Amino acid sequence: MFKSIFTNSFGILFSRILGFARDLLTASILGANIYSDIFFIAFKLPNLFRRIFAEGAFTQSFLPAFTRSKHKAVFSVHVFLVFLGIILLMTLAVNLFPALAAKVIALGFDAQTVQMAAPYVAINFFYLPLIFAVTFLSTFLQYKNHFATTAFATGLLNIALIIALLLARDGSDETVVLYLSYGVVLGGFAQLFVHLLAIRGLNLHRLLSGGIRYYGRKAARIREETRRFTREFFPAVWGNSTAQIAAFLDTWLASFLSAGVISYLYYANRVFQLPLALFAIATSIALFPRISRHLKHDNEAQAHAMLAKAFWFLLYLLSFSAVGGIVLAAEITQLLFERGAFTADNTAATALILQMYLIGLIPFGLGKLFSLWLYAQRRQGEAAKIATWSLGTNVLLSLALIAPLGGAGLALASSLGGTVALAATLRAVGRAHVSAIIRPKNGLRWLFAVALFTLAVLAFKELLHAYI
């Protein structure tokens, strides 16, 4: 289990290092202004669907259904064709009406800014069908316990964007945004290519070609499996997408605030997503196929033991990351972004938002872990109800906090919504399971370790300011 976790973590770290290099260049070249806001808006919608598919709903619904299917090849091809067809229709609609799509994403933009954003929204949306194909193929790789390709392939998107920035750095802001938009699409093609190579290397292409060959003959045999997958998928979409929808709502509400706030939220969320992806998402990706198999074979004790190990592993890492990030938010933001067009005022605004996001790091990370238990047991409906409570809390608090706190209020509302989701998920998992994992003796050790780490980080901050 830990080998798979570390493989995912190293791949994510590789990608995030490249991502920070990309963000550093973006902040230096574009800064935090209307053009950076336009690009982040243009990439927001396909990125929203990418995170839903790649990190949640599709994999956590498809993998258990695929594992139990009696006609795996035909079932897989059917699901792929149906979803790809829907996504291609969505892409066509966005390209026919790009201004409408831009207005939906950023309702607070005026008419002129919407028209400026529209062509970039259309270009960026071509990334969605590509990343769906990548996600579909990565699910097969996970089934074979192969995680490296998917973990490292995300870096290809960042490499494409870095190249785009370097090529356009001497051009106008409009040129930079245009190059970035085409870089997104080229990054999607690169990710798809390496996944196709991995599928062929593991001989999984034979399964897919067999599904295509026998699709017409055996399609009727998978009707019940397809119906059950569809019933489970849509609650899973809702259950897995609340964090992404909340981020989408943050952008929507921030478009009513001053120029640059969307960019502050983006940069802060990028830093927040590093420990979340490096630890929580990497762990959940590695753990989910194993827990699904154990529960399929009625081996609940083994599945529970894996969940307990992962819980303490995550709790320590997320706690240290949250404490370090909150205490050193300004220093981290300054180190990563404050250069070129990104000023000290931009740093202060971004750091405050980062602190508000980090309040929710532990709830979001642990919620991701415990939700695996529900999805592996095919309890997507319960997960969807939990998501509804979480999103409702987020919306109400966002509306209440945006006036007094601005962008920081939106980030704080997101963290509090994640806390509500964790509490409800623990209740759904069951008191017996949770009590067996969270023992008081281990909890005291954790509190002592966090206290010591907090003192160490505060001392480091004082030392840092004394010598700089």
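The values are calculated or read from the model by the stated rules, or taken from the named source; none is laboratory data. Here the structure is a predicted model, which means the values were calculated and not measured. All Cβ positions, glycine included, derive from the backbone under ideal geometry; neighbour counts span all protein chains shown. These accessible areas exclude ligands, DNA and RNA; they are computed on the full protein's heavy atoms, side chains included. Shrake-Rupley method; radii C 1.70, N 1.55, O 1.52, S 1.80 Å.
A full extension of the chain between L166 and V395 corresponds to an added length of 78.6 nm, given 0.36 nm per residue minus the alpha carbon distance. Placing +1 on each Lys and Arg Cβ and -1 on each Asp and Glu Cβ, with no other charges, gives the stretch 87-229 a dipole about its Cα centre of roughly 1180 debye.
The fraction of accessible area contributed by carbon and sulfur in the chain is 68 percent, rounded to a whole number (1.4 Å probe; ligands and nucleic acids excluded). Between Q115 and L84, residue separation times 0.36 nm minus the direct Cα-Cα distance comes to 8.3 nm. The stretch between H71 and R231, if pulled fully straight at 0.36 nm per residue, gains 55.7 nm over its current Cα-Cα span. Relative protection proxy for 421-427, 88-94, 144-150, from highest mean packing down: 421-427, 144-150, 88-94 (other beta-carbon atoms within 10 angstrom). With every protein chain left in place, what is the accessible area of R169 in Å² (1.4 Å probe, nearest 10)? We get 120 Å² for R169.
What is the diffusion coefficient of the chain in µm²/s, taking the Kirkwood radius over Cα pairs and the Stokes-Einstein relation at 20 °C with a viscosity of 1.002 mPa s? Numbers along the way, then the final one.
Details: Rh = 22.9 Å.
Roughly 93 µm²/s, to the nearest whole number.
Shown for the stretch 66-143 is the translational diffusion coefficient from the Stokes-Einstein equation, using the Kirkwood radius over Cα pairs, a temperature of 20 °C and a viscosity of 1.002 mPa s: 149 µm²/s. Backbone phi angles across the stretch 433-439, fed through the Karplus curve with coefficients 6.51, -1.76 and 1.60 (θ = phi - 60°), yield HN-Hα couplings of 5, 5, 5, 5, 8, 8, 8 Hz in residue order; Gly and Pro are listed as x. Starting from the Cα gyration tensor of the stretch 392-468, take the square roots of the eigenvalues, sort them a ≥ b ≥ c, and report rounded, prolate or oblate (rounded when a/c is under 1.5, otherwise prolate if a/b is larger than b/c, else oblate). Verdict is oblate for the stretch 392-468. Computed over the alpha carbons of the stretch 89-206, Rg followed by Dmax gives 16.9, 52 Å.
For the stretch 321-452, the mean projected area of the C-alpha convex hull, equal to one quarter of the hull surface, is 10.1 nm².
A 1.4 Å probe over all protein chains sorts V395, V79 by accessible area into V395, V79, starting with the largest.
The calculated FRET efficiency for R206 paired with L92, based on their beta-carbon distance and R0 = 45 Å, is about 0.90. Taking the Cα centre of the chain as origin and assigning +1 to Lys and Arg Cβ atoms and -1 to Asp and Glu Cβ atoms, the resulting dipole is close to 2540 debye.
The calculated FRET efficiency for the pair E331 and L458, based on their C-beta separation and a Förster distance of 22 Å, comes to about 0.95.
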